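Participant: Quick one: the structure is below, questions incoming.
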Amino acid sequence: MAKKIDALIKKIICGFHIYSDIALGSILTLASIALYINASHLKISAHSVTALDSAQFVPKLAFGLITILSILVFIQGLKKVKDNKETCPRDEKLEAAVVGFKRTVIAVLSIGVFIFLMTRISFMIAAIMYLIFNMYFMVERRGWKHKTYFTVAIVVSVSCFYLFDKYIYVTLPLGFLKGVFG
């Protein structure tokens, strides 16, 4: 199973390397066209004298330029496909890219878990767990410093909570700690 996942990740990495400009150009072109059309529905003041002083002018101009530039990125991507196939990572570089891809996916998933837990158990506890997990996850095993990780996680989490609460005036979720801190 692990070999199949690695093979799929290798295909994704090579495919992204080869076709990234084409995909980016396509997505940006479609999005900018949709937003250009959507800008047509902006309400125009009854006092607009010309098209230049209406609420539609700047959004249409911006999305029109983005559409043109996106099409150019797409065309450039088509021209670079052959060169990109030749420079696709192989051997050790591809293996390192697979490891990096897996680490990135796990890091992004841990952010999702942090957000989920933050609303359920409390910001401070979720932040401590998130920070400890990522400090252990990002460092090689021989470099683990348990006391430092726990201390840093607790100090950063509690400090962020109080900075947000006292100075930014944003109340972070307390969860079951509501009776203790709030």
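Participant: When the solvent-accessible surface of protein heavy atoms is calculated with a 1.4 angstrom probe, in what order do 58, 152 fall, highest first? The partial results should precede the final answer.
Facilitator: Details: 58 100, 152 60 Å².
Correct descending sequence by accessible area is 58, 152.
Participant: Next question. Report ³J(HN,Hα) in whole Hz for each residue of region 158-168, in order, from the Karplus equation J = 6.51 cos²θ - 1.76 cosθ + 1.60 where θ = phi - 60°; Gly and Pro get x.
Facilitator: Taking θ as phi minus 60°, the curve returns 5, 4, 4, 4, 6, 5, 5, 6, 8, 10, 9 Hz for region 158-168.
Participant: Could you give me the ³J(HN,Hα) list for region 84-100, computed from phi with Karplus coefficients 6.51, -1.76, 1.60 and θ = phi - 60°, whole Hz, x at Gly and Pro?
Facilitator: Karplus-based 3J(HN,Hα) across region 84-100 equals 5, 5, 6, 9, 4, x, 9, 6, 5, 5, 5, 5, 5, 5, 5, 4, x Hz.
Participant: Can you work out the accessible area per residue across the chain, with the rest of the protein chains kept in place, probe 1.4 Å, in square angstrom?
Facilitator: Averaged over the residues of the chain, the accessible area is 72 Å².
Participant: Quick one: what are the phi-derived ³J(HN,Hα) couplings along region 146-156, Karplus 6.51/-1.76/1.60 with θ = phi - 60°, whole Hz, x for glycine and proline?
Facilitator: Values, residue by residue: 4, 4, 5, 4, 5, 5, 4, 4, 5, 5, 5 Hz.
Participant: Let me ask something else about it. Solvent-accessible area of residue 162, probe 1.4 Å, all protein chains present, reported in Å² to the nearest ten, please.
Facilitator: That residue has around 80 Å² of solvent-accessible surface.
Participant: Quick one: order 124, 135, 129 from most to least accessible surface, probe 1.4 Å. The partial results should precede the final answer.
Facilitator: On the way: 124 10, 135 40, 129 95 Å².
Ranking 124, 135, 129 by accessible area, largest first, yields 129, 135, 124.
Participant: Among [x] 215; [y] 117; [z] 95, find the value of volume of the Cα convex hull per residue in Å³ that was calculated from the structure presented, and write down its label.
Facilitator: So the structure-derived entry is [x].
Participant: In square angstrom, rounded to the nearest 10, how much accessible surface does residue 20 have for a 1.4 Å probe?
Facilitator: Accessible area, nearest 10 Å²: 30 Å².
Participant: At 222 nm, what helix-only mean residue ellipticity would the chain give, in deg cm²/dmol to the nearest 500, using -39500 (n - 2.57) for each DSSP H run of four or more?
Facilitator: When only DSSP H runs of four or more count, the value is -26000 deg cm²/dmol.
Participant: Provide the net charge surrounding residue 153, with neighbours chosen by a C-beta distance below 15 Å and charges set as Lys +1, Arg +1, Asp -1, Glu -1.
Facilitator: Details: positive: 145, 147; negative: none.
Value of the local net charge: +2.
The values are calculated or read from the model by the stated rules, or taken from the named source; none is laboratory data. If you're wondering where the values come from, they're calculated on a predicted model, not measured in any experiment. For neighbour counting, all protein chains shown are included, and Cβ atoms are generated from backbone atoms with ideal geometry for every residue, glycine included. These accessible areas exclude ligands, DNA and RNA; they are computed on the full protein's heavy atoms, side chains included. Shrake-Rupley method; radii C 1.70, N 1.55, O 1.52, S 1.80 Å.
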